[in-house]
Amino acid sequence: MSTAETLDLATAEAPALVTEIPGPQARARIERDHRVTSPSLPRAYDFVPRRGAGSVIEDVDGNLFLDLNAGIAVTSTGHAHPDVVAAIQRQAEELLHYSASDFYLPIYSDVCEELDRIAPFAEGARSFLTNSGTEAVEGAIKLARYATGRQAVIAMIGSFHGRSLGSVSLTASKAKYRAGFGPLLPGVYHTVFGDLHHLEILFERLVSPSEVAAIVVEPIQGEGGYVLPPEGWFGSVREICDRYGIVLVADEVQSGMGRTGKMWAMQHFGVEPDVVLAGKGIASGMPLGAIIARDSLMTWDVGAHGSTYGGNPLSCAAALATLALIEHGLMDNARDVGAFLLEGLRAIGERYPSITDVRGLGLMIGVEFDRAEKMHAVEQAAFRKGLLVLGCGDSVIRFCPALVFERERVDTALRLFDEVVAEVSGATG
Ligand code: PLP
């Protein structure tokens, strides 16, 4: 796509549907896909993207969709932001790869310097760059065990931390993610998100806090249903970690990088973690994640951890451009447009008894329905109208658009969502 085409698509009116949904090209592609791809891929609906710009995405049949998924909270600067694309192109012409684990890649430490500057704790930060969120979680488990000499890790019921064996051992949003893969990582315990009493029982009955290396927690549960913690809970968790020398790991793979209107969701709760994990939004769609740890914690020895591709130059170039955009306007936009969207969704929620809650911070908003079938029906019906939203938890529709999402597009999104809920309420009662 040329820059002019990108700009045209980014400002195009959307949705604009020109075929039935899914159209003939999409159906043909889905048929081919089903023959050769892993059946484990959890496709939400029959959307087959071709190109995107800003918050607009076109499918293979030429239908324009209004995208409130952003590739599942990833393309933070919008699809194909010209600054991000230009940064990747410049970097591609200079150097595609040189393992930063084995040599001194300048752009790798450029990104780490930025992460040090924005880290959500007063102490200096060191970072390890990864290819994905799950790899950041894996590294954090290793780091916490290494630094404390302890084995146990506590995670939350309802959490999602990824699908590789270590992180899936922490993941507890749906049993199907774990089924068939055991034995999982030993030494992992789960407690109830937001429930201090349950954590006390865990310490009394199951694992002594002196054996716990880390508490790993999403500040706002993502895949588990966009769940916010009760007020004050994080402060208590921080106190417990301080009392027993436990590393507090905030998994901000979904909630971080400005999505909630602050750089890190933890900053809404006034608590400093020891480690923060970034992923999804950090490089606007290029594969990158980060383990950002207090300087005094990341003291593992040479060779203890590494990665061939983690922090590859293209992803780092995208991350530097992304961060500049987030800090110069997009985080503020997420806060303001998010508040406007939340208010509009709350007004819709008041008119439909099937909507039981509307919650969120910035552009991380969940609308909860009384039944899972209703949520699924809404997700599908929205898609057929050209509005891309995605379910999470048991019965929540999540809104996680790009941080560029325009206030003017909120009206369209709300109107369509309202129509969809009305339709589904009429059909399913
Ligand atoms: N942690 C959180 C909070 C996530 O939301 C996700 C992905 O959804 C992950 C970790 C795993 O990230 P990835 O899919 O990049 O491995």
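The values are calculated or read from the model by the stated rules, or taken from the named source; none is laboratory data. Values in this document were obtained by computation on a predicted structure and should not be read as measured data. Virtual Cβ from ideal backbone geometry, glycine too; neighbours counted across all protein chains shown. Heavy atoms of the whole protein, side chains included, go into the accessibility calculation; ligands, DNA and RNA do not. Shrake-Rupley method; radii C 1.70, N 1.55, O 1.52, S 1.80 Å.
Of note:
- Rounded to 5, the percent of DSSP beta bridges in region 134-272 classed as antiparallel: 10 percent
- Debye intensity ratio I(q)/I(0), log10, region 150-224, q values 0.24 Å⁻¹ (C-alpha model): -1.14
- In region 187-262, GluC sites (Glu not before Pro) in a DSSP loop with at most 10 other beta-carbon atoms within 10 Å: Glu231
- Pairwise centroid distance, computed over Cα atoms, of region 42-115 with region 250-294, Å: 17 Å
- The antiparallel fraction among DSSP beta bridges confined to the chain stands at about 65%.
- Paramagnetic reach from Arg384 (point 7 Å along Cα→Cβ, amide N under 16 Å) across region 399-429: 416-429
- Accessible area per residue in Å² at 1.4 Å probe, computed on the chain: 42 Å²
- Relative contact order, percent, region 98-311 [alpha-carbon distance under 8 Å, six or more residues apart]: 29 percent
- With the highest mean first, a sort of the peptides 132-145, 300-313 on other beta-carbon atoms found within 10 angstrom per residue produces 132-145, 300-313.
- Listed peptides 378-387, 175-184 appear in the order 378-387, 175-184 once ranked by packing, highest mean of other Cβ atoms within 10 Å at the front.
- GNM result for the chain, Cα springs below 10 Å: residue of Ser40, Ser315, Ser169 fluctuating most strongly: Ser40
- Derived scalar couplings between HN and Hα for region 259-275 equal 4, 8, x, 10, 4, 10, 4, 4, 5, 6, 9, x, 10, 9, x, 8, 9 Hz in order, rounded to whole Hz, by the Karplus curve 6.51 cos²θ - 1.76 cosθ + 1.60 (θ = phi - 60°), x for Gly and Pro.
- Rg and Dmax over the alpha-carbon atoms of region 226-270 stand at 11.3, 32 Å.
- Taking only Cα atoms of the chain, radius of gyration then Dmax in Å: 21.4, 63
- With Cα atoms, 0 to 90° folded angle of helix 331-351 axis to the chain main axis: 60 degrees
- Neighbourhood charge, 14 Å Cβ-Cβ cut-off, centred on Gly180 and excluding it, Lys, Arg +1 and Asp, Glu -1: +4
- Note on Asp116 and Asp370: the extension gain reaches 87.2 nm, defined as 0.36 nm multiplied by sequence separation minus the Cα-Cα distance.
- Computing Rg and the Kirkwood Rh from the Cα coordinates of region 98-311 gives a ratio, Rg/Rh, of 0.94.
- Backbone N within region 1-40 under 11 Å of label point (7 Å from Glu408 Cα along the Cβ vector): 11-14
- Relative contact order (%) - region 28-184, alpha-carbon pairs under 8 angstrom, separation at least six: 9 percent
- With only Cα atoms counted, region 283-372 has Rg and Dmax values of 19.7, 59 Å.
- Axis angle, to the nearest 10 degrees, between helix 313-325 and the longest C-alpha principal axis of the chain: 70 degrees.
- Simple spin-label estimate for Glu200 and Gln267 in nanometres, 7 Å along Cα-Cβ: 3.4 nm
- Unsatisfied cross-links (Cα-Cα over 23 Å) in the set Lys142/Lys280; Lys280/Lys374; Lys174/Lys374: Lys280/Lys374
- Region 345-418 - Debye-derived log10 I(q)/I(0), Cα point model, q = 0.24 Å⁻¹: -1.24
- Carbon plus sulfur fraction of accessible area for region 98-311, probe 1.4 Å, in percent: 52 percent
- A simple packing score, the average count of other Cβ atoms within 10 Å per residue, orders the peptides 66-73, 192-199 as 66-73, 192-199, with the highest score first.
- Over the chain, Cα pairs under 8 Å with separation of 6+ residues give a relative contact order of 21 percent.
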